[in-house]
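K.L.:
Pasting a structure below so you can have a look.
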Amino acid sequence: MKSGILAAAAAAVVFGAVTGAQAGPTLDAVKGRGFVQCGVNAGLPGFGNPDSSGNWTGLDVDYCRAVAVALFNDPNKVKFTPLSAQQRFPAIQSGEVDLLSRNTTVTLTRDTSVGLNFAPVTYYDGQGFMVNKKLGVKSAKELNGATVCVQAGTTTELNLADYFRSNNMSYNPVVIESNDEVNAAYFAGRCDVLTTDASGLAGTRAGVAPVPDDHIILPEIISKEPLAPAVRHGDDQWFDVVKWTVYATIQAEEMGITSKNVDEFVNSKNPEIQRILGTSPGMGKALGLDEKWAYNVIKTMGNYGEIFERNVGLKTPLKLERGLNALWTNGGLQYAMPIR
Amino acid sequence: MASETRDTARPSAPGGVSFSLSDPTVRAVFYQVLVVGIVIAVGWFLIHNTLDNLSKRSIATGFGFLEREASFGIGESLIDYHPRDSYGRAFLVGVLNTLKVSIIGVVLATVLGTLIGVARLSSNWLIAKLASTYVEIVRNIPPLLQLFFWYALVSESMPPVRQALNPIPGVFLSQRGLFVPVPSADPVWGTMGFALAIAVIGVIFLRRWAKARQERTGQPFPIGTASLGLLIGLPLIAYIAGGAPTALDVPKLQGFNFVGGVVLTPEFFAILVGLVVYTAAFIAEVVRSGILAVNWGQTEAARALGIDSGKTLRLVVLPQALRVIVPPLTSQYLNLTKNSSLALAIGYPDLVSIANTTLNQTGQAIEGVAMIMGTYLVISLGISIFMNWYNKRIALVER
């Protein structure tokens with residue numbers, strides 16, 4: 001096996017995939033550089049998508065900006081790198097990006113052998129199916145023999161195979177690398193079914209479908225897809241910064257702090273609020289950040305609820321319900337660890 | 001790497017060996033050892049560094065993952081494949097798919113390229129201009145765009161599967177591809193294959209015998225007709241002897257799709273046509289230059305000897321033209337094979353597409369890329385060795 005490793009390593013030399021990456025403290029590197037390098041989706045409305053004037057928007061994008069605000073108090077100190085599903089892991093492994101915020105599902109393999117650490121989940125999702133209404137299909141159980149369009153290199157590809165196997169059904173996969181081409185193939189009629197995370201289907205139906213009403217998303221959700229930002233293994237300090245930035249937005253919503261009213265809370269007598277907003281110092285120092293880090297994040301980016309509603313909520317084309325992504329106090333799964 | 005094997009007639013210095021760097025032989029050896037040493041040192045540093053970084057980030061290494069269950073589906077494969085099979089087998093499916101499109105592509109591109117190349121030299125103005133236009137347009141458009149064009153052509157211009165065109169009974173054409181009936185499985189197909197193998201061996205012996213006889217007696221033997229007869233006749237006899245089965249596996253619409261028969265998928269069609277059209281333009285130029293390289297006087301000389309035009313082409317012009325054609329042709333074959341990796345963009349499951357999926361599921365990018373590179377290296381060397389062998393064989397023997 002050793003020779004195998006050597007051969008592979010030799011390939012890496014030629015490919016330049018892993019060499020030349022810095023393994024040291026990412027936080028210092030980012031501070032020194034003055035901006036966060038963030039890997040995002042190349043084009044998924046609501047999560048990572050450039051708008052008509054070239055600004056990156058979306059829920060994943062906003063978490064990149066939130067980390068930049070925590071560090072530099074400036075949401076624009078981010079360099080966005082659009083990554084395909086296939087490019088994302090080499091990009092984070094090699095140090096091309098500091099933070100991967102690209103609707104990536106947390107899995108055991110990725111946590112271990114891919115060498116990632118996952119921050120808290122920013123969107124609880126599940127894989128679904130979309131079909132043309134003309135087919136008259138009402139349930140995913142009726143899809144035996146269907147042709148399914150799926151993007152290459154995703155957990156979606158595995159769940160799809162698992163689902164059809166466990167239900168004793170057969171299918172024909174059409175696996176394409178770019179999301180745009182997958183969608184084009186589906187809307188052209190090459191496939192009967194388009195499958196990806198339910199949020200992605202909603203985004204595609206709202207933003208890409210020629211006639212959104214022609215397509216229905218089937219009721220079955222066949223997998224758990226907790227989507228979370230990820231950093232490299234082995235740099236705990238940087239991991240902490242990303243993790244607590246996400247928690248701060250959730251905690252803010254729990255306490256009713258928004259980007260609009262955050263200044264009213266600065267004089268609050270509540271010790272927990274004082275800790276978060278940096279009125280009583282300690283939390284920022286512990287993270288190696290300014291004491292106002294969370295205040296800045298909330299003031300600039302808003303709390304979790306605001307970020308959600310702004311990018312994917314009911315008033316956006318995606319029209320997603322909070323569902324599992326409601327706060328735990330409202331019956332959802334979003335729960336911030338205590339900031340103390 | 002040039003090595004100093006040339007025997008210099010210089011006598012060695014009397015009284016032993018001198019190690020002066022001014023001695024050209026010593027200097028040559030010294031610099032070569034130096035270069036090899038630097039290459040090894042840099043290589044060792046990079047490999048060591050890579051392994052070090054990998055283990056620091058607890059990224060798995062090694063090829064053990066190849067035995068794990070792949071658990072993803074593949075659209076088309078030459079061998080049986082199921083998501084419960086291993087990553088290793090999935091990769092093999094990809095390699096075979098690449099070979100399939102490359103081999104068929106090389107054959108078709110050669111035929112099309114030769115036709116266009118000859119057409120460009122045609123004395124017919126229209127044909128020559130059409131061929132030139134084809135070459136100039138196709139050569140200058142990136143192959144990826146051409147693939148998208150062919151893929152879009154199928155998905156946009158073909159009817160949906162429920163309104164499939166049915167030009168001949170049993171044949172269906174739709175966005176899902178071309179479905180064609182095939183003869184149902186029968187033991188006679190195996191027997192026919194065996195008969196064909198025997199015919200091939202027979203042809204080889206027949207050729208030897210015919211050549212020997214012609215050298216001995218001067219009598220030519222109609223080897224072409226005889227060979228063709230053998231190659232078609234023997235399997236045909238086996239087919240009739242096996243009861244001449246006519247049962248067909250006809251595709252029919254069942255549920256979402258056609259079931260049965262064989263299918264030419266839009267992905268395969270697009271990658272094949274794209275590669276053939278693109279590479280044929282280059283091959284056409286290679287063929288044209290090869291033909292132009294043979295002096296017209298050669299043909300005139302052959303005619304003067306009373307050799308008919310078929311033999312002139314086969315025995316005089318082609319051996320000289322091929323000498324010019326074959327080396328650049330080899331590089332076109334290699335290009336076609338390597339360009340087949342663009343298949344990823346339109347969903348044809350070639351080896352790159354499958355290796356990419358694998359390395360994404362396992363996170364073992366280095367191993368995955370090493371496997372892709374290794375496979376292409378083997379395929380390229382294979383093509384290269386074969387073409388070099390062929391080049392030697394057809395090269396003009398100078399006496």
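The values are calculated or read from the model by the stated rules, or taken from the named source; none is laboratory data. Bear in mind the structure is a predicted one, so any value in this text is a computation, not a measurement. A quick note on method: Cβ atoms are made from the backbone with ideal geometry, for glycine too, and the neighbour counts reach across all protein chains shown. The area values use the complete protein model at the heavy-atom level, side chains included, leaving out ligands, DNA and RNA. Shrake-Rupley method; radii C 1.70, N 1.55, O 1.52, S 1.80 Å.
K.L.:
Amide H of A:ALA152 versus every other amide H placed in the peptide plane: which residues, excluding those fewer than 5 positions away on the same chain, fall under 5 Å?
P.N.:
The answer is A:ILE176, A:GLU177.
K.L.:
Starting from the 7 Å offset along Cα-to-Cβ, what nm value, one decimal, do you get for the label separation of B:VAL111 and B:ALA185?
P.N.:
Spacing of the two 7 Å Cα→Cβ label points: 3.0 nm.
K.L.:
Send over a whole-number figure in Å² for the accessible area per residue of chain B, probe 1.4 Å. Mind dumping the intermediate values first?
P.N.:
Values: 22540 Å² over 399 residues.
Ligands and nucleic acids excluded, the result is 56 Å² per residue.
K.L.:
Other chains near B:363-376: what is the mean number of their Cβ atoms within 10 Å of each residue's Cβ? Could you put the intermediate results ahead of the total?
P.N.:
Working: counts 10, 4, 13, 13, 7, 3, 7, 11, 3, 2, 5, 3, 0, 0.
Going residue by residue through B:363-376 and averaging, the value is 6.
K.L.:
A further question follows. At 7 Å along Cα-to-Cβ for each site, give me the label-to-label distance between B:GLU136 and A:LEU314 in nm.
P.N.:
Output for this residue pair reads 6.3 nm.
K.L.:
Just how large is the dipole of chain A about the Cα centre, in debye to the nearest 20, putting +1 at every Lys and Arg Cβ and -1 at every Asp and Glu Cβ?
P.N.:
So the dipole magnitude of chain A works out to roughly 140 debye.
K.L.:
Taking Cα centroids, how far is the stretch B:321-399 from the stretch B:127-168 in Å?
P.N.:
24
K.L.:
I'd like the Karplus ³J(HN,Hα) series for the stretch A:92-107: coefficients 6.51, -1.76, 1.60, θ = phi - 60°, whole numbers in Hz, and an x wherever there's a Gly or Pro.
P.N.:
6, 4, 7, x, 5, 10, 8, 9, 10, 10, 8, 4, 9, 6, 6, 9
K.L.:
For chain A, report the accessible area per residue in Å² (1.4 Å probe, heavy atoms, rounded to an integer). Mind dumping the intermediate values first?
P.N.:
Details: 12990 Å² over 340 residues.
With all protein chains present, chain A gives 38 Å² per residue.
K.L.:
Once a ≥ b ≥ c are taken as the square roots of the eigenvalues of the Cα gyration tensor of the stretch A:126-224, is the result rounded (a/c under 1.5), prolate (a/b larger than b/c) or oblate (a/b not larger than b/c)?
P.N.:
rounded
K.L.:
If you don't mind, another one. Give the separation of the Cα centroids, the stretch B:268-316 to the stretch B:21-40, in Å.
P.N.:
46
K.L.:
Turning to a different aspect of this structure: Using packing as a proxy for protection, rank B:367-375, A:243-251 so that the peptide with the highest average count of other Cβ atoms within 10 Å comes first.
P.N.:
Numbers: B:367-375: 21.7, A:243-251: 24.0.
In descending order of packing, they fall as A:243-251, B:367-375.
K.L.:
Straight-line reach only, C-alpha to C-alpha below 19 angstrom: list the lysines that B:LYS56 could link to, leaving out same-chain residues fewer than 8 apart.
P.N.:
Straight-distance partners of B:LYS56: A:LYS2.
K.L.:
For A:GLU225, what residues show an amide H to amide H distance below 5 Å, using hydrogens built from the backbone and excluding near sequence neighbours?
P.N.:
Long-range HN contacts for A:GLU225: A:ASP125, A:GLY126, A:GLN127.
K.L.:
Return the value, in Å² to the nearest 100, of accessible area buried between chains B and A (probe 1.4 Å, both sides summed). Present the calculation step by step, with values, prior to reporting the outcome.
P.N.:
Details: alone 24890 and 15240 Å², together 35530 Å².
Buried: approximately 4600 Å² between A and B.
K.L.:
Quantify how strongly other chains surround peptide B:54-67 by giving the mean number of their Cβ atoms within 10 Å of each of its Cβ atoms.
P.N.:
Per residue, the average neighbour count from other chains is 5.
K.L.:
To continue, here is another question. By how many nm would the segment from A:LYS285 to A:GLU142 lengthen if fully extended, with 0.36 nm per residue of separation less the alpha-carbon distance? Display every interim value, and only then the final one.
P.N.:
Numbers: separation 143, 0.36 × 143 = 51.48 nm, distance 5.65 nm.
Between A:LYS285 and A:GLU142, full extension yields 45.8 nm more.
K.L.:
At a 1.4 Å probe radius, which order do B:THR358, B:THR246 fall into by accessible area, largest first? Can you show the working numbers first?
P.N.:
Values: B:THR358 10, B:THR246 110 Å².
The ranking, largest first, comes out as B:THR246, B:THR358.
K.L.:
Express in nm, to one decimal, how much length is gained between B:VAL26 and B:SER123 on full extension, taking 0.36 nm for each residue of separation and deducting their alpha carbon distance. The partial results should precede the final answer.
P.N.:
On the way: separation 97, 0.36 × 97 = 34.92 nm, distance 6.07 nm.
So the chain would gain 28.9 nm between B:VAL26 and B:SER123.
K.L.:
How crowded by other chains is B:42-48, given as the mean number of beta carbons from other chains within 10 Å of each beta carbon? Display every interim value, and only then the final one.
P.N.:
Numbers: counts 1, 4, 1, 2, 9, 10, 2.
Averaged over the peptide's residues, the number is 4.
K.L.:
Taking amide H positions as placed in the peptide plane 1.01 Å from N, state which residues far from A:ARG232 in sequence (5 or more) or on other chains have amide H under 5 Å from it.
P.N.:
A:ASN117
K.L.:
Right, next: Taking the alpha-carbon distance from A:LYS292 and a cut-off under 13 Å, which aspartates and glutamates remain once sequence neighbours fewer than 8 residues away in the same chain are dropped?
P.N.:
Output for A:LYS292: A:ASP74, A:ASP263.
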